[in-house]
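Here is the structure we will look at.
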Amino acid sequence: FASRWACPAQLAAAPIACRPGSAMSSEDEEPEDDYKLAVVARCDLGMSAGKLAVQVGHAVHSAVVKCPAAARKAWEADGSMIVVLQVDDEAGLLHIAAAARRAGLRSGSEHDEGLTEVEDGALTVVWVGPDKADRVNIVTGKLGLFRSKEEEELAKLRRQLQEAEAELGTLRGGAGPSPCLQTAPQSRMLLDVSGLADWQPQRPDVPDLFEQWCWEGDEFVLPKKWEQALAEACEGTALPQAMRPWESASFDREGIFFLTHRSDTGGIAIALPGAGASDGVVGVLGVHPSFRRRGLGRCLLRLCVGRLVQLGRTRIFCAVDADRSPGAFKLLTSEGFRPSPAAP
């Protein structure tokens with residue numbers, strides 16, 4: 001998990017966020033460096049959530065105490081970003097520690113006292129930083145976010161369930177279970193508010209037990225998280241411009257949305273610019289099969305609409321296969337979208 005990913009549900013309808021204590025940057029302002037602290041934990045110990053939290057806490061304390069004042073202040077000014085990553089075993093931790101030393105990065109390790117779950121002296125975590133994010137990424141950029149064995153097993157079971165549902169849909173002559181709003185549309189839907197001076201987007205209410213997460217700029221985290229979510233919620237398909245949207249010069253980092261339950265992604269959406277200055281597109285809107293019928297799709301749609309309207313887009317398009325996904329078609333209609341022959 002990464003501590004700066006979480007953000008309020010009202011983000012899409014609020015002014016663009018900037019770093020704590022800073023004004024919104026102007027075009028001629030020099031970009032600031034991103035800073036972060038990475039804590040890497042091993043998976044083979046089977047640490048409980050409480051034990052992991054304690055070990056990460058010790059690591060953060062050690063890293064902050066040993067960090068020079070200038071670097072610590074820069075890290076704090078940038079939001080005190082912390083990412084907790086994983087390796088398989090002790091050998092993986094030793095490899096990260098050695099790589100950090102070779103790169104000239106501040107790093108250290110934590111060993112447990114053996115009072116509860118693990119053996120006395122067991123190496124549990126290694127920390128790297130705080131330092132500039134691009135330097136930390138040289139050592140930790142290819143590691144995945146930490147997930148417990150239980151979470152990994154649950155994710156595996158969900159993938160198996162999704163595959164079984166898809167196979168069942170095929171046997172029944174259907175097209176599969178995933179109602180993503182992005183592929184081979186029979187209907188192109190349009191929400192046109194260009195002539196409605198007093199119109200305001202509806203509030204996106206995040207369902208209970210879910211959180212809205214959005215990208216904080218770490219270029220190593222977003223691709224993996226987005227591609228995994230596309231595979232789980234959208235069967236790996238999307239509009240071409242939505243497959244790797246961060247590679248586009250027009251990418252809007254405030255227009256990509258995740259709804260999560262603990263460490264699992266429940267749904268994703270992205271708001272993209274259209275061809276015209278007043279056009280916008282809901283490029284992807286997908287909900288994981290395990291989390292459907294809980295209001296995630298409506299929340300994600302409203303987040304996209306709110307962001308596009310905030311950017312001055314008053315004609316918002318969304319493609320949906322009405323035969324394959326009648327529920328998605330009904331959702332769009334209930335939110336004011338109507339069939340349109342026009343293309344964005």
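The values are calculated or read from the model by the stated rules, or taken from the named source; none is laboratory data. A quick note: this is a predicted structure, and the numbers were derived from the prediction, not measured. Ideal geometry is used to build each Cβ from the backbone, glycine not excepted, and the neighbour counts take in all protein chains shown. SASA here: full protein model, heavy atoms, side chains in, ligands and nucleic acids out. Shrake-Rupley method; radii C 1.70, N 1.55, O 1.52, S 1.80 Å.
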Test: residue in the range 316-338 that is more than 24 Å from SER194 (Cβ to Cβ) and of a type in the set (Val, Ile, Thr): no
Enumeration of residues in the range 203-215 that are out of contact with any strand residue (DSSP E or B) (no Cβ under 9 Å at 6 or more places or on another chain) and within 21 Å of ASP252 (Cα to Cα): ARG203
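Can you report the number of residues in the range 143-170 which are at pLDDT below 85 and not in a helix (DSSP H, G or I)? So that I can check it myself, show each step before the final result.
Pass one, the range 143-170, residues at pLDDT below 85: 144-145, 147-170.
Restricting the remaining residues to those that are not in a helix (DSSP H, G or I) gives 144-145, 147-148.
Count: 4.
Only one residue in ASP134, ASP34, ASP78, ASP89 is open to solvent by 80 Å² or more (accessible area, probe 1.4 Å) and either of a type in the set (D, E, K, R) or touching a Phe, Trp or Tyr at 6+ places or on another chain (Cβ under 8 Å) (or both), so which one is that? Show your work before the answer.
Working: ASP34 fails: open to solvent by 80 Å² or more (accessible area, probe 1.4 Å); ASP78 fails: open to solvent by 80 Å² or more (accessible area, probe 1.4 Å); ASP89 fails: open to solvent by 80 Å² or more (accessible area, probe 1.4 Å).
After applying the criteria, what remains is ASP134.
Output the residue which, of all residues in the range 193-210 that are open to solvent by less than 80 Å² (accessible area, probe 1.4 Å) and over 19 Å from LYS330 (Cβ atoms), is modelled with the lowest pLDDT. If you could, list the steps in order and put the result at the bottom.
Here is the first cut: in the range 193-210, the residues open to solvent by less than 80 Å² (accessible area, probe 1.4 Å) are 193-195, 199, 201, 204, 206-207, 210.
Restricting the remaining residues to those that are over 19 Å from LYS330 (Cβ atoms) gives 193-195, 199, 201, 206, 210.
Working: VAL193: 90, SER194: 87, GLY195: 82, TRP199: 85, PRO201: 89, VAL206: 91, PHE210: 89.
Going through the qualifying residues, I end up with GLY195.
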In the range 81-111, the residues that are touching a Leu at 6+ places or on another chain (Cβ under 8 Å) and either part of a loop (DSSP other than H, G, I, E, B) or touching a residue at least 60 places away in the same chain (Cβ under 8 Å) (or both): MET81, ILE82, VAL83, VAL84, LEU85, GLN86
Neighbours by Cβ (under 8 Å, 6+ apart or cross-chain): first from the range 232-250, closer than 22 Å to ASP264 by Cα; second in a loop (DSSP other than H, G, I, E, B) and open to solvent by 40 Å² or more (accessible area, probe 1.4 Å): PRO245/PHE251; TRP246/GLU219
ASP120, sole failed condition from (1) in contact (Cβ under 8 Å) with a residue 12 or more places away in the chain; (2) assigned to a loop (DSSP other than H, G, I, E, B); (3) of a type outside the set (A, V, I, L, M): (1)
Long-range neighbours under 6 Å by Cβ, at least six apart or interchain, first residue charged (D, E, K, R) within the range 181-210, second modelled with pLDDT under 90: ARG188/ALA319; ARG188/SER340
